[in-house]
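Read the structure below first, then the notes.
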Amino acid sequence: MNLTLKVWRQNNAQAKGQFETHQVVASEHMSFLEMLDVLNETLISEKKSPVVFAHDCREGICGTCNLVINGRAHGPQKGTTVCQLHMRAFKDGDTIVVEPWRAAAFPVIKDLMVDRSSLDKIIQAGGYISVNTGQAQDANDIPIGKDVASQAFDAATCIGCGACVAACPNGSAMLFTSAKVAHLGLLPQGEVEAEARVQSMVNQMDEEGFGMCSNTGACEAECPKEISISNIAMLNRQYMASVLGSKTGV
Amino acid sequence: MSWLTKFLTSSIGRKLIMSLTGLFLILFLVVHLAGNLQLLINDQGSSFNGYAYMMTHNPLIKVIAFGNYFFIILHAIQGIMIALANRKAKGSKYAVSTNATASWSSKNMAILGTLILAFICIHMGDFWYKMKFTDQLAMVSVDGMDMQVKDLYSQVKNTFSTWWLVLIYLVGLATLAFHLWHGFQSSFQSLGINHKKYTPFIQSVGKIFSIVIPLGFAIIPIIYFADAMEWINYFS
Ligand code: HEM
Ligand code: SF4
Ligand code: FES
């Protein structure tokens, strides 16, 4: 298939970026990233600088690949990361516009690659359990209701890709933060620190310059792991409960 | 920073204020509409004028009215501040924008709100200001009161006989409908109220509310205008 790509090129966070147009011949069996590899091979053989984009596992589990394709974070296919998006989702002759995640808290490193360490800082602020919780069999020894386990697991599928922030018109990281707070706080090992965790993670989220949640639902629609915004309601609830009536005095 | 300041200036605290003030304004809309529907009683404005007198003189209503002014101002200022902060947090815009993932209303709450604020100013200039701060309104007697009261009813009749004022009201109410289309259910989500048992219900009520309430307000200028144009004979 013959494609016209309009790719965002930007040298660094301060530089003013612009689109660059390229023609690419791809097969519909390629993943979107493989199609970009083809483009880069051509650019390298022409002694031009390849388009920088982030990727790692290429199997939909690491959250490193992040592109906005035709205005959609991770492209047009629901519940799919860019690396798992295949060219059969497009038609021969299509023009495809590729942009980086856009949010003040995600400065561009180069071209399509952004710095998402602001999400790491939210995790560092409280997205962990302070004690060693042992191995899998130790966890399996603790009886947990199926519903709670499922809810925690659904939240735990968040891969930290930042598509929620990218899709949000406010650049808000509420879906990400709520997924982490829900995943850790719902299980007994994480519940102990839940009250302090929710406050420190929300404080850090605000500090990093993410926006406020207008409940537009764009995050949920674009999340490759289909994390529900009911987690955001839970985050709101837990944050208020923690500030107004914590048992631990935080 | 005290824990309270920190709470109220956090992202979630600021949205909590939006939500609570928004819900208060929703409640106000219901009461306001219930009062206004007396304009449709065919008694030459007697019950409406009596009601308007009570609303401007009852001490309890006066306290609630001040709460109402305060909450509208708080909601508006807070809303605009949030919208500005969010624009900064977004940084730059995408070259390709899509409406596939979020409703138009939800993304334009600040524009809708600013239009509503402009409408509220026009509306209050028309009635509230003339009623409270001028002697432009004639004095009339009403059933069941042994004193004369200001004739707000005739002012309403006057206003709604001018086509462009009626148009402003209809546009203002349509704007309110769009604001509520997203705002009603959003305020519950901000409060952390989301459960598969009742969230679908809240969402349906929100959609019905956002149509029925503005429509209820809109009926009044429409009927008054139609009567003034003698398209219908509502009041005679
Ligand atoms: C009768 C008038 C009004 C009613 C009933 C009303 C109601 C609401 C409700 C229920 C919400 C949802 C709150 C939430 O998301 O938690 C909301 C949001 C909002 N309102 Fe209003 N509102 C009114 C007037 C205004 C005015 C005058 C402005 C002025 C600019 C305004 C600006 C906003 C903004 C910007 C938001 C979105 C905040 C966000 O989620 O980012 N509203 N409104
Ligand atoms: S919530 Fe979804 S979109 Fe947001 S970081 Fe996690 S996986 Fe990505
Ligand atoms: S490269 Fe790991 S999720 Fe796409």
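Since every read-out is calculated from the coordinates, none of them should be taken as a lab result. None of these values were measured; they are calculated from a predicted model. A quick note on method: Cβ atoms are made from the backbone with ideal geometry, for glycine too, and the neighbour counts reach across all protein chains shown.
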FRET E, pair residue A:129, residue B:47, Förster distance 60 Å, beta-carbon r, rounded to 0.05: 0.35
Whole-angstrom gap from the stretch A:61-81 to the stretch B:199-236, using each part's C-alpha centre: 44
Loop-exposed chymotrypsin sites (Phe, Trp or Tyr not before Pro) per DSSP, neighbour cap 16 Cβ within 10 angstrom, longest uninterrupted part of chain B: B:1-197
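Please arrange A:61, B:17 by how many other C-beta atoms lie within 10 Å of their C-beta, fewest to most.
A:61, B:17
Going through the cross-link list A:247/B:196; A:16/A:48; A:121/B:15, which pairs have a Cα-Cα distance over 21 Å in this structure?
Numbers: A:247/B:196 28 Å; A:16/A:48 19 Å; A:121/B:15 23 Å.
Distance filter (> 21 Å) returns A:247/B:196; A:121/B:15.
In percent, how large is the relative contact order of the stretch A:166-223, given Cα pairs closer than 8 Å and 6 or more residues apart?
Relative contact order comes out at 57 percent.
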Principal semi-axes in Å for the stretch A:2-110 [√(5λ), Cα gyration tensor, largest first]: 20, 18, 13
Over the protein assembly as shown: helical MRE at 222 nm, DSSP H runs n ≥ 4 each giving -39500 (n - 2.57), nearest 500: -17000 deg cm²/dmol
Sites residue B:127 and residue B:232 - FRET efficiency at Förster radius 30 Å, r taken between beta-carbons, to 0.05: 0.80
Span-rule helices in chain B, defined as complete DSSP H runs reaching 24 Å or more along the axis (Cα) with Kyte mean at least 0.0: B:11-36, B:59-90, B:163-190, B:199-228
Candidate lysines for bridging to residue B:132, where Cα separation is under 22 Å - those fewer than 8 sequence places away on the same chain excluded: B:62, B:150, B:157
Cβ-Cβ FRET estimate between residue A:192 and residue A:59, R0 fixed at 30 Å, reported to 0.05: 0.35
Cα pair distances of the protein assembly as shown binned at 20 Å [whole percent]: 21, 42, 27, 10, 1
Cβ-based exposure ranking for A:47, B:93, in which fewest neighbours within 10 Å come first: A:47, B:93
Debye intensity ratio in log₁₀ form over the Cα atoms of the stretch B:21-105, taken at each q of 0.18, 0.26 Å⁻¹: -0.90, -1.25
Per-residue Cβ neighbour rank within 10 angstrom, fewest leading, B:57, A:86: B:57, A:86
Between the stretch B:79-120 and the stretch A:166-217, the Cα center-to-center distance that results, in Å: 22
